[in-house]
Amino acid sequence: MLDDPIKYGLLAALAIALLIAAFTDLKSRKIANWLNGAIALGAPVFWWASGMAFWPDIAIQFGMAVATFAVLSVLFALRAMGGGDVKLLTALALWIAPAHFLQLIVMMALLGGVLTLVFGGWHIIRRQKDKIAIPYGVAIAAAGLWVIGSFYVPASALAGAAG
């Protein structure tokens, strides 16, 4: 049984927001600012529900988000990443513990590679000459859902939901 319904309700809301981000990015290649804002604004409530101390826990989360934004802003300036993707990853950095965030980045890169191969192949099959657009928010959301399921939700809750 889940020990804290508020914490797990917030994680469920985050999971739903990630699904919405993936769907909208797949459909329109955009992730809405209101969605990224809602994810970011939900983080302090999650910190409170998780019993995180201001120092050093919340300070580390905030520092991770600032560092994430700084690095990804460079990628955005180089046109290697979309603005919605930058904001989504920055908002996720507020939620996910640093060790798990690194795992999220690795999983996102792997899933993004597969996504690029699939969309690249589809692009070639359709013989399109325009620039390929990869909905990287799908990889970000999938990696986020993987982290939530792997590290934040107890295995007993996942087993109960499956059976």
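Along each of its three principal axes, how wide is the spread of alpha-carbon positions in segment 1-45, in whole angstrom units, largest first?
38, 21, 7
Report the label-to-label distance for TRP55 and ASP4 in nanometres (one decimal), using points 7 Å from each Cα along the Cα→Cβ vector.
Computed distance between label sites TRP55 and ASP4 equals 2.2 nm.
Which FRET efficiency, nearest 0.05, do PHE119 and VAL71 yield, Cβ-Cβ r, R0 25 Å?
In this case the efficiency is close to 0.55.
With each pseudo-label sitting 7 Å past Cα toward Cβ, what's the ALA32-ILE132 distance in nm, one decimal?
Distance between the two pseudo-spin positions: 3.0 nm.
Suppose we keep just the alpha-carbon trace of the chain; what are its Rg and Dmax in angstrom?
Taking only Cα atoms of the chain, I get Rg and Dmax of 16.6, 54 Å.
For the chain, what is the number of Lys pairs with C-alpha distance below 29 angstrom, counting only pairs 8 or more positions apart or on separate chains?
Taking the chain as the scope, the lysine pair count is 9.
Distance between Cα centroids, segment 36-60 to segment 92-125: provide it in whole Å.
That distance is 24 Å.
Laboratory data are not the source of any read-out in this text; all were calculated from the coordinates shown. Just so you know, these numbers come straight off a predicted model, no measurement behind them. Neighbour counts are summed over all protein chains in view; Cβ atoms, including those assigned to glycine, are modelled from backbone coordinates with ideal geometry.
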